[in-house]
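Colleague: I am attaching a structure below and will ask some questions about it afterwards.
The values are calculated or read from the model by the stated rules, or taken from the named source; none is laboratory data. This is a predicted model, so every value here is computed, not measured. So basically every Cβ, Gly included, is an ideal-geometry build from the backbone, and we count neighbours across all protein chains shown.
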Amino acid sequence: MTRHVRSWAIAALAVFALAGASAPSFAGITYNVTNYAAGQNGWSLAGTITTSRTGTITSASDITDWDLIASKESVSRRWSNSTSTSSLPRYLGGTLNATSTTLSLAANSQFYFNEDPTNSDSIIWTNSRDYGFYTDNSYSAYSTSGELWYSPDFSPIVNGAFALGTRSAPSAVPEIDPAMGSSALSLVAGVLAMIEQRRRRATLVA
């Protein structure tokens with residue numbers, strides 16, 4: 001076996017071995033949206049909001065995916081990044097805090113999703129901030145046919161922040177287990193030694 005071929009074989013074995021030793025990764029942090037039934041005028045809310053990372057979020061661009069559905073009897077409304085035709089499909093004025101367990105809206109902040117260009121089909125959380133007729137705490141949703149709900153309250157509120165969602169599943173960060181990584185390197189070294197031994201025997205025979 002030529003040196004060139006041996007090098008490719010070893011590289012391939014290393015890639016497969018290390019890939020097998022790594023944990024899978026997932027894009028984004030996904031939260032199940034809070035269903036605050038007491039403030040939703042008989043509607044129920046389900047769905048998810050996904051952020052690009054954990055930590056303090058001040059830009060709406062860090063909200064990478066969302067799909068919320070409000071339903072009441074046979075009627076439903078949807079806010080989703082896959083269906084929105086709004087030029088401002090999501091808006092954040094203030095701060096969101098994304099942790100390993102909770103997505104929350106800080107005090108003096110507003111967050112909403114828009115579904116259509118007129119902004120008349122929206123779901124809005126306002127936490128103690130003056131936005132014209134949105135003052136203090138309010139939680140509301142509208143469709144093009146009118147108001148779905150408006151509530152001056154929201155729950156749960158934790159340390160002054162609206163708990164908008166809870167973590168639906170932990171994300172995995174790619175890691176190499178030291179023990180498995182060591183085993184992979186040992187495997188590569190063993191294969192290298194075997195190839196070299198065969199090469200030497202072939203040379204002696206020749």
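Colleague: Would you mind telling me which numbered condition in (1) assigned to a loop (DSSP other than H, G, I, E, B); (2) exposed (fewer than 15 other Cβ atoms within 10 Å of the Cβ) SER76 fails?
Modeller: (1)
Colleague: Any residue at all in the stretch 88-97 that's surrounded by 17 or more Cβ atoms within 10 Å (Cβ to Cβ), touching a Pro at 6+ places or on another chain (Cβ under 9 Å) and among the charged types (D, E, K, R)?
Modeller: no
Colleague: Could you grab me the full set of residues in the stretch 64-85 that are under 21 Å from the mean Cα position of the chain (by Cα) and closer than 21 Å to LEU148 by Cβ?
Modeller: Hits for the stretch 64-85 are TRP66, ASP67, LEU68, ILE69, ALA70, ARG78, TRP79, SER80, ASN81, SER82, THR83, SER84.
Colleague: Here are the criteria: (1) exposed (fewer than 13 other Cβ atoms within 10 Å of the Cβ); (2) under 21 Å from ILE29 (Cα atoms). Tell me which single one ASP62 does not satisfy.
Modeller: Unmet condition: (1).
Colleague: Does the stretch 99-117 hold any residues that are of a type in the set (S, T, N, Q) and farther than 19 Å from LEU68 by Cβ, and which are they?
Modeller: THR99, SER100, THR101, ASN108
Colleague: Name, by its number, the condition in (1) farther than 21 Å from SER104 by Cβ; (2) in contact with a Leu (Cβ under 8 Å, 6 or more places away or on another chain); (3) modelled with pLDDT of 85 or more that does not hold for ILE10.
Modeller: Single failed check for ILE10: (3).
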